[in-house]
1. When you scan the stretch B:172-185, do you find a residue that is part of a helix (DSSP H, G or I), surrounded by fewer than 20 Cβ atoms within 10 Å (Cβ to Cβ) and either modelled with pLDDT under 85 or not charged (D, E, K, R) (or both), even just one?
2. Quick one: A:Gln180 ticks every box in (1) part of a loop (DSSP other than H, G, I, E, B); (2) within 17 Å of A:Arg58 (Cβ to Cβ); (3) of a type outside the set (A, V, I, L, M, F, W, C); (4) touching a strand residue (DSSP E or B) at 6+ places or on another chain (Cβ under 9 Å) except a single one, so which number is it?
3. Out of all the residues in the stretch A:455-466, is one or more of a type in the set (Lys, Arg), more than 14 Å from chain B (Cβ to nearest Cβ) and open to solvent by 10 Å² or more (accessible area, probe 1.4 Å)?
4. Going by the conditions given, is B:Ser264 modelled with pLDDT of 95 or more, more than 12 Å from chain A (Cβ to nearest Cβ) and more than 24 Å from A:Arg567 (Cβ to Cβ)?
5. Among (1) β-branched (Val, Ile, Thr); (2) open to solvent by less than 40 Å² (accessible area, probe 1.4 Å); (3) farther than 27 Å from A:Gln256 by Cβ; (4) out of contact with any helix residue (DSSP H, G or I) (no Cβ under 7 Å at 6 or more places or on another chain), where does A:Val78 come up short?
6. If only one of A:Cys241, A:Cys258 is under 24 Å from A:Arg95 (Cβ atoms) and over 18 Å from the mean Cα position of the chain (by Cα), which one is it?
7. Given the criterion touching a residue at least 60 places away in the same chain (Cβ under 8 Å), outside any helix (DSSP H, G or I) and surrounded by fewer than 24 Cβ atoms within 10 Å (Cβ to Cβ), identify the matching residue among A:Leu253, A:Leu318.
8. Among the residues of the stretch A:347-401, write down those that are crowded, with 19+ Cβ neighbours inside 10 Å, under 18 Å from A:Arg308 (Cα atoms) and of a type in the set (A, V, I, L, M, F, W, C).
Amino acid sequence: MGMLEFDGEPLKWNEIKPYVNYVKKHGIIQFLHNYERLMKRPEDILKWGDEVEYMILRFDHENRKVQLSLRGEDISKVLQEKENSGATNLTSLWRQEYASYMVEGTPGVPYFGNMAQFNVVEANMKLRRKEVQQLLQPDEQIMSLTVFPRLGCFDFTNPTYRIEGPETNPVSRSLFFPDQAISSHPRFPFLTQNIRERRGEKIAINIPIFKDTNTPSPFIEKFNDPEAQRAAKPDHIYMDCMGFGMGNSCLQLTFQACNVDEAKLLYDQLAPICPIMMALSAAAPIYRGYIADIDVRWQVIAQSVDDRTLEERGLEPLKNNERVIRKSRYDSIDSYLEKKSKIFNDIDLEIDEETENTLLEAGIDELLAKHIAHLWIRDPLTLFSKKIELDDEKVSDHFENIQSTNWQSMRFKPPPPGSKIGWRVEFRVCEAQLTDFENAAFVVFVVLLTRVILTYKLDFLMPLSCVDKNMDRAQKNNAVLKEKFYFRRNVITSNTPACCTQLCSSTNDSINCTDDISNGLLTACCEEMSIDTIINGKEDVFPGFISLIRKYLDSVEVGVEARCSIREYLDLISKRASGDYMTAAQWMRHFVTSHPEYKQDSVVSDSIAYDLLVRCDQIEKGEVTCHQLFGMTKHKSEYIAANSDTARS
Amino acid sequence: MSLDAERAELARIMVGHCNTFSIHSGNIINWNMLKKHRFHTSLTSSDELMDALHSAIQSWIRGITIDPVNMPEPQNAINISNRELETPIDPDQREKLKLSVKLFLCDWRPNIIRRAVDKVIQNLDVQRIDSLIVSFPVMPPSTNTILENSNISPVAADLNKIKPIWKEMQSVVDSGHVSKIGVSDFDQAGLELLHNWARIKPSINQISLNNCCAVPTDLIQYSREEKVELLTHSDPPEILSARNFQSFMSESTQDIDATNWTPSFIARYSVLVRNRGIVHSKGYITSAERQSLTSNGEDYGFF
């Protein structure tokens, strides 16, 4: 989650309020100082890396119960010792995460642009897992689980904490999630509390429940708290704090682009890919011990950090706030950045006008200015008393403060001041997969896709309103097979602007997309396709990502080991898309609903969760093969190469 | 006669007169994608080459100028290049790019190596090729697979044919036109034989994708020890058969003497942007000769 250095006392929301404008204004000044330097950067090379979030689970085999072990924070301290002692060229780097049962690991050095790197990803993930496992007790397991199925249920943590009512947890006021499960670094509890206070009420997450034959209808829960009772919707699983979202794991990717223009291009082109990858990686069907009618964590996190007031959510007339805001600060992007993408920016973009003016006056281009001005409608949520007045030429803390609490599907990251790091974009939607093999497959697939986009100059742009529709669809139960997604009818360009003539119609070259767009027919470039078509292709419709990637691979030099691994990764993605393999979400549903103790009432009991997680662990360790999730792998990812110089030559 | 028909007729006569024909596809990286209906998983490099040939020759015919006063002279050798698809290599950017060539030999004449290298260098306007992989003419089907457990290596049997060609490979390195040289589809025994004999060792061995997850351990072991890079390809055993080339010639130029054409080499190049994993350009240069010289096509004056 970044931004963990601090100095002074953390401030509460009412103490931050007087500084909101100061932080915003100086965040922009910091950005502008940085930007002037940045435009002179020489061309950067491709570097990229993955981030996987893990949970520490504790298995009580005697009583068939699994809990989340709150030792993640201590463990990440041990994991960070090498880095803190100044060692470089490490195998891995570790960060503390929101929940004290989590750790986040990244490769110690970024990966580079040569093909051999694709054979190191999985080996490095395995090393990371091992590194954590060595620090665990015999009954503990590290797992890359997107959502813990009994999160927020009675006694779900170890040690356990009794919750009498909202007052038991002064930070979150949750009825389910003990404050002790929030990492103790001041950023996390203060973020939690300040979001709640800015919002003016407790977080309310309502997720539709999967209605089985014995599920009460309407499904209404009784809570010993009037605020919860009011906020909980019938037929929904109710959750009431940030931990239900930020306490989930995900798989993220960061790319360094060669310059600011390539970064913009990748940001734009990957945005329409987000919903597709989200549906393919779906791994989160169970919340608070109930089977949900969604497969993906996204809307849960979005609601879990929604700091908008009633006015901003449009539920009360504007009085104290400036504007109505459509989305949570955790959600899909609202504008493209490249000039040629502008025409597809068709959704309302709330902006902070003063910020926009400052940026435009400083010579920042219109779309980037709007993008930042949009991020700047959000207030800072954390602030430390000794980190308010800063040297705006040397640091970018205030910029990062707001930037890093805009949790969107893609993130556009300027180089940090005084660093060798270049312009980066972050791909943030994938769910964590159970095994390193699957995680590596998703990572390698997306990286290859970026190379394909840049090599063939493909164009995936579509109106952002269509991307948002896709984001909604991607979260549904079995979206990967059941839903259709808006997608470009023709992704081919001849290096021409987005709305060139030939790219819109394969059958009739005379149809001019520019005309369509100016006539308001933005969607003329898209049609609804299945994920199978998008990934595996369909004659006369779309070649499919897989064959585009294969085509690309035939034009570059790939070693036998790397190619063998890539082949199996592509095979996994291809079969997830075609339905030959299940997503983790569908497999978990299937496991639970066919469990002998399951009562067709949507409830995932402790013992069912235990059996499910034991099986997940066995699959991850390779003790049990699960042909529903993936086939037997033959490739040999290279352990030794993970941190050796030969791998990076 | 329409202009198009006139052009086609002129092309037919010009081709009819020539005995060597060389076709450069230009950069097919963007163009090839446009034909999405042909874009399916089973598309091989043979199909890709055939598409590239057709596109290049059509572009050539379209570009023929009809000027009754100033008719083009019939020539013995025709070199065409798809000018609509040129992606020149900027000399200032050359160090950031990696130019790799795979040379498919259609017969065993050693002098083809030099001719092919010259052609690539000329067409791409560069000084040097970074790596050159040679693929030897197709062998009988039973010896095509490196996985076969026969006692006599197919390459071993052919080492005497390979030697003169490899000498030419060494000579293009000596002359500074090529940096690294390699082979494709060699098994361990063959690789060892060549390696022991060669003055300049092969530093690459390209293995068919069909076998990349089952490369024999002796080959892996040996390659590691001798620092031979094992790369992958997905090319069919024969990328362009004489028959396919002949039907291409007769179809695209109406050449009546097409059956006497045989391809001598196909050079496939790809230009990679180092450190970024992006393909700058890719293309094919195909060179063919007409074998029978008894009839030298039609009398030009007839036109």
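The values are calculated or read from the model by the stated rules, or taken from the named source; none is laboratory data. A quick note: this is a predicted structure, and the numbers were derived from the prediction, not measured. Virtual Cβ from ideal backbone geometry, glycine too; neighbours counted across all protein chains shown. Heavy atoms of the whole protein, side chains included, go into the accessibility calculation; ligands, DNA and RNA do not. Shrake-Rupley method; radii C 1.70, N 1.55, O 1.52, S 1.80 Å.
1. Yes, there is a match, as at least one residue in the stretch B:172-185 is part of a helix (DSSP H, G or I), surrounded by fewer than 20 Cβ atoms within 10 Å (Cβ to Cβ) and either modelled with pLDDT under 85 or not charged (D, E, K, R) (or both).
2. All conditions pass for A:Gln180, except number (1).
3. no
4. yes
5. (2)
6. Every option except A:Cys241 fails the conditions.
7. A:Leu253
8. The answer is A:Ile351, A:Ala373, A:Leu375, A:Trp376, A:Ile377, A:Leu381.
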